[in-house]
Amino acid sequence: MQAAPVPFDPVATLRVVERWLSEAAERNLDLVVFPEAFIGGYPKGSAFGGVVGDRTTAGRDEFARYWNGAVEVPGPVTDRLSELAADARTHLVIGVVEREYGTLYCTVLFFSDTGAFLGKRRKLMPTGAERMIWGFGDGSTLEVHPTKLGRLGAVICWENLMPATRMAMYAQGIELYCAPTADSRESHHATMRHIAMEGRCFVLAANQCLRTGDFPLDHPTPYGDDPEQLISRGGSSIIGPLGEVLAGPVLDQEALLTADLDMALIPRARYDFDPVGHYARPDIFRLHVDTTVRRAVQTNDSLSASPSADLPTTFTSSRATPDDTTDMPILAQRYPGSLGHRP
């Protein structure tokens, strides 16, 4: 999905989501992926009054506005998204700006086609000035969700340049690799093709098509006064497990990109390459993934009630010896028929 939200206004953006999901329902789509920070907004070009050693009063006011436009998870916005996914009978993956007390996170939410909330993914590594406004996610949300479509997960924007993050997703058998982003450059498209080939999975990349006029008139911007000035060109695409481009990239316009995904192509693609299986060398290279919740303050109760209490602290290879608890796994997979338009 390549579209423009209403920055800082989650209620108005929910109406945008509803409109696009209605179109998706008319096309009988099984899965819809929205861009990074779609609800809450990606404040491209904003400085938030921050320089090394100082913050301005105007910048604090700007951050407060951004904070007020973020969403709590769970909360009223997630409840509405659940309803919209159920109404459209589609799996929904959507980027939001999540608010937890005084900290904002760049987060992706997952919903089933019945409206069930499957989970969330917090961005591990905000890029550049994003670190002034977004917190850092921990490994507890680095999950892949089993669905009737296939194993569904998300890696956000420049996280896709982090080899360890990709390997952690491959180790969980990801098949539908969603890549919400704010990067519209050609180099990002090349990255998406590489990941599809490397992970032998389908990659669904979604970016906003955003203009200056999509922001409030009083929002400070370095892009001038022309409301038609593009500040995010899009570049969304769908890539097959051998790197073939199935849709896109689309630039400079809103678009609902679609493709029929034949899940039977995945085992065919992994015949000669599996980065965490027969093409791995755990005797030489190892990756440890910590999936525990990391909080600044933990009580005895919070340790036992942790959302990830039943998640493994490492991914373990089925070929590992008792001491090899940090190897990547060799996962048995199920491959459903095809994914795309419902009959």
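Values in this text are rule-based calculations from the coordinates and carry no lab data. Values in this document were obtained by computation on a predicted structure and should not be read as measured data. Neighbour counts are summed over all protein chains in view; Cβ atoms, including those assigned to glycine, are modelled from backbone coordinates with ideal geometry.
Some points to look at:
- In this simple spin-label model, placing a label point 7 Å from the Cα along the Cα-to-Cβ direction at both THR292 and ASP79 gives a separation of 3.5 nm.
- 0 to 90° range, to nearest 10: angle between helix 186-199 axis and the chain longest Cα axis: 20
- This ranking places ILE133, ILE94 by how few other beta-carbon atoms lie within 10 Å of each, fewest first, which gives ILE133, ILE94.
- Rounded to 10°, Cα long-axis angle of helix 10-26 versus longest principal axis of the chain: 50
- Rounded to the nearest 10 degrees, the inclination of helix 76-88 to the longest alpha-carbon principal axis of the chain is 60 degrees.
- Computed extension gain for ASN300 through ALA190, at 0.36 nm per residue and net of the alpha carbon distance, reaches 34.9 nm.
- Annotation: peptides 195-204, 43-52, ranked by per-residue average of other Cβ atoms within 10 Å with the highest first, follow the order 195-204, 43-52.
- Residue-wise HN-Hα coupling along the stretch 108-113, computed from phi with Karplus coefficients 6.51, -1.76, 1.60 (Hz; x: Gly, Pro): 10, 10, 10, 10, 7, 6
- Annotation: lysines with alpha-carbon distance below 19 angstrom to LYS148 (same-chain offsets under eight excluded): LYS120.
- Counted by neighbouring Cβ atoms within 10 Å, the residues GLU72, GLU254 run from fewest to most as GLU72, GLU254.
- Each stretch of four or more DSSP H residues adds -39500 (n - 2.57); spread over every residue of the chain, this sum gives -6500 deg cm²/dmol at 222 nm.
- Charged neighbours of TRP134, selected by a Cβ distance under 10 Å, balance to +1 (K, R count +1; D, E count -1).
- Backbone geometry of the stretch 150-160 corresponds, through the Karplus equation with coefficients 6.51, -1.76 and 1.60 at θ = phi - 60°, to 3J(HN,Hα) couplings of x, 7, 10, x, 9, 10, 9, 6, 6, 4, 5 Hz, x marking Gly and Pro.
- Protection proxy ranking, peptides 60-68, 240-248, 144-152, average beta carbon neighbours within 10 Å, highest first: 144-152, 240-248, 60-68
- 3J(HN,Hα) along the stretch 262-275: 8, 5, 5, 6, 5, x, 5, 5, 7, 3, 10, 7, 9, x Hz, from the Karplus curve 6.51 cos²θ - 1.76 cosθ + 1.60 with θ = phi - 60°, whole Hz, x for Gly and Pro.
- Which of TYR223, TYR271, TYR101, TYR42 has the fewest Cβ neighbours within 10 Å, and the rest in rising order: TYR101, TYR271, TYR223, TYR42
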